[in-house]
1. Looking only at the range 57-89, count how many residues are open to solvent by 70 Å² or more (accessible area, probe 1.4 Å) and either polar (S, T, N, Q) or in contact with an Asp or Glu (Cβ under 8 Å, 6 or more places away or on another chain) (or both).
2. Can you name the residue in the range 38-56 that is open to solvent by less than 30 Å² (accessible area, probe 1.4 Å) and in contact (Cβ under 8 Å) with a residue 12 or more places away in the chain and, of all such residues, is farthest from the chain's Cα centre (by Cα)?
3. Considering only residues that are farther than 16 Å from LEU12 by Cα, open to solvent by less than 70 Å² (accessible area, probe 1.4 Å) and among the aliphatic types (A, V, I, L, M), which ones fall in the range 116-141?
4. Please determine whether any residue of the range 94-102 is in contact with a helix residue (DSSP H, G or I) (Cβ under 9 Å, 6 or more places away or on another chain), within 26 Å of SER15 (Cα to Cα) and polar (S, T, N, Q).
5. Do we find that ALA78 is touching a residue at least 12 places away in the same chain (Cβ under 8 Å) and of a type in the set (A, V, I, L, M) in this structure?
6. How about the range 76-91: which of its residues are under 12 Å from the mean Cα position of the chain (by Cα) and either farther than 21 Å from PHE137 by Cα or among the polar types (S, T, N, Q) (or both)?
Amino acid sequence: MAFRGRRERGGLARSFIKFAITGAAGFTADAAMLSALLASTDLGPFFSRALSFPAALCITWYLNRVWTFERTDQARLAQSMRYVAVQLVGAIFNLFVYALCITLGPPVVERFPLIALAIASGLAMALNFLGSRRWVFAGAR
């Protein structure tokens, strides 16, 4: 029983590390697209983020499915819908923090929205991990 408990904790830690790496890939895609939109359009930081976020969502769902949680045995549509639901809750929190940072933060945050993006993404990660592990990718293997 003690061995099983250690293995489960190791599985949790391993899953979280993989989730964080996957999140870093999503963050990189999000940040790259946000930067490109800000540099090449007049869309502004909010609408640009509304476009960059879905790209990151697709990348992270796929990586979490095949690598982090290894749950390719689940139906893609149902799993992706659960993932979108969890991510939308996380996104609402994420965008709320992003907006707070831009509107109430020091002027440097408004000039460099990637700072707000990093803060918001980091805070939303724990919420997204728990929802993904406990609901989206849960179940007997």
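The values are calculated or read from the model by the stated rules, or taken from the named source; none is laboratory data. What you are looking at is a predicted structure, and each value in this text was computed from that prediction instead of being measured. All Cβ positions, glycine included, derive from the backbone under ideal geometry; neighbour counts span all protein chains shown. The accessibility values were calculated without ligands, DNA or RNA, using every heavy atom of the protein model including side chains. Shrake-Rupley method; radii C 1.70, N 1.55, O 1.52, S 1.80 Å.
1. Of the residues in the range 57-89, 1 are open to solvent by 70 Å² or more (accessible area, probe 1.4 Å) and either polar (S, T, N, Q) or in contact with an Asp or Glu (Cβ under 8 Å, 6 or more places away or on another chain) (or both).
2. At the first step, the residues of the range 38-56 found to be open to solvent by less than 30 Å² (accessible area, probe 1.4 Å) are 44, 48-49, 52, 56.
Remaining after also requiring in contact (Cβ under 8 Å) with a residue 12 or more places away in the chain: 48-49, 52, 56.
Numbers: SER48: 17, ARG49: 13, SER52: 12, ALA56: 7 Å.
Once the filter is applied, the top-ranked residue is SER48.
3. ALA116, LEU117, ALA118, ALA120, ALA124
4. Yes, because at least one residue in the range 94-102 is in contact with a helix residue (DSSP H, G or I) (Cβ under 9 Å, 6 or more places away or on another chain), within 26 Å of SER15 (Cα to Cα) and polar (S, T, N, Q).
5. So ALA78 fails the test.
6. GLN87, the sole residue that qualifies.
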